[in-house]
1. Sort Tyr214, Tyr159, Tyr120 so that the residue with the fewest other Cβ atoms within 10 Å of its own Cβ comes first and the one with the most comes last.
2. Given points 7 Å out from each Cα along the Cα-Cβ axis, report the Asn92 to Lys142 separation in nanometres with one decimal.
3. In whole angstrom, and with the biggest value first, how far do the Cα coordinates of the range 199-265 range along each principal axis?
4. Extending each Cα 7 Å along its Cβ direction at Lys60 and Glu165, get the distance between those two points in nm, one decimal.
5. Could you line up Leu90, Leu132 from fewest to most neighbouring Cβ atoms inside 10 Å?
6. Based only on Cα atoms, what mean projected area does the convex hull of the range 27-70 have, in nm²?
7. Given the -39500 (n - 2.57) contribution per DSSP H run of 4+ residues, what per-residue ellipticity at 222 nm results for the chain, rounded to the nearest 500 deg cm²/dmol?
8. Can you list the HN-Hα couplings for the range 180-194, worked out from phi with the Karplus curve (6.51, -1.76, 1.60; θ = phi - 60°), rounded to whole Hz and with x for Gly and Pro?
Amino acid sequence: MANKKKILIKKTGATRVKENKTLYIGIDLGTNHTAISTSEGKKKSILSVVGIPKDAVASKFLKKERLYGDEALKHRVALNMFKPIESGLLKNQREDLEAAKGLLQYIMGLVDANHDVKKYAIIGVPSQASVLNKKIITEMAKGFFDGVMVASEPFCVAYNLGEMEHSLVVDIGAGTTDICRVHGTLPEPDDQISSNKAGDYIDAELVRLISEEYTNVRVTNEVAKKWKEQSSFVGESQEEIVVDVPVDSSILKLSITKDIRMACESIIPDIMSGISKLISTYDPDFQEYLRNNIWLAGGGSQIRNIDVVLTKELELIDGGKVFKDTDPVFSGANGALKLAQDMPPEFWQTA
Ligand SMILES: Nc1ncnc2c1ncn2[C@@H]1O[C@H](COP(=O)(O)OP(=O)(O)OP(=O)(O)O)[C@@H](O)[C@H]1O
Ligand SMILES: [Mg+2]
């Protein structure tokens, strides 16, 4: 909800009422997608890719100097593509910083957030982003806002869920899986563990497994990602997964049930060791609360059965309860927005 203050302004004898609005903004700046949510109730999510036409012909044909998200992906053969965030970190090259700025400006435009009001934003970034990377993001974003702060993404998810005491958030993104212990305050480095076994790793595993099994079949990471998003699962297989693959001049039907399962399960050991470490190093009086309050978030939390398999694995280390976030696309951005709205006004004077 926009915070409206009414200011009375005296002008040439007449009294005019001017609305001084403040717009709060939550942003989840991810490797795969960037999501935004504003206090005016608007939200949008786009793929974190930017395309610049390769030459004057492409630029004339596409009628644009820059393309974003799905539109860039669609025309990628005519574009130089930039993914400004890699393995959860904003790249520090000039082109990538420009691309990230363009992405921010574009997504702000999609939610009409470029108008002239005071804007305060919190940007969710992967939990392990270094102090330097946080600084680079803050600098990059400063021009857009009157106040900006970066916060750990899983912490924003916990804030959105209202699970601020003794909770563990497992955010399975594209570049990283971030596991974060939340206990009422902003998380410290010891509260967080990150692994690079996440969505992109599953895609690469799927490509590797399929090409090992079918030597004449060539699959790209993009196609593997599509198959994964359609059919991901872990644990017992539910139904056979068959995909069409062009081989030479014909179409082959491949069963990839086992490959999908193995690729998706490849991220489980790191998640389990992260959970186990964060529980065992927590205050013993509250370990029981923590193990029974584990939340899966991020795109990878949509892998079918992953909550069931993790619950089973937890039985080997004294048990626990695992829940799935119901809005993996906007949970981080919504949490960042709530946090921005709850910060005391004095905070924004220095942010
Ligand atoms: N149904 C699904 N099953 C499995 N994985 C999925 C599914 N839907 C999306 N994903 C995967 O989730 C990942 C994207 O998750 P998300 O959008 O949370 O990442 P991100 O926040 O951009 O990345 P990061 O947090 O690493 O910076 C991608 O690898 C995508 O393929
Ligand atoms: Mg993420």
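We did not get these values from a lab; they are worked out from the coordinates using the rules stated. In this text, all values refer to a predicted model and were calculated from it rather than measured experimentally. No Cβ is skipped: glycine too gets one built from the backbone with ideal geometry, and neighbour counts run over all protein chains shown.
1. Placing the least packed residue first, the sequence is Tyr214, Tyr120, Tyr159.
2. The modelled label-to-label distance comes out at 1.6 nm.
3. Here the spans come out as 35, 24, 19 Å, largest first.
4. Reported label-point gap for Lys60 and Glu165 is 6.7 nm.
5. The order, fewest Cβ neighbours first, is Leu132, Leu90.
6. Numbers: hull surface 15.2 nm².
About 3.8 nm², averaged over all directions.
7. Taking each H run of at least 4 residues, the total per residue is -11000 deg cm²/dmol.
8. Along the range 180-194, the couplings run 9, 8, 10, 9, x, 10, 4, x, 9, x, 5, 8, 10, 9, 10 Hz.
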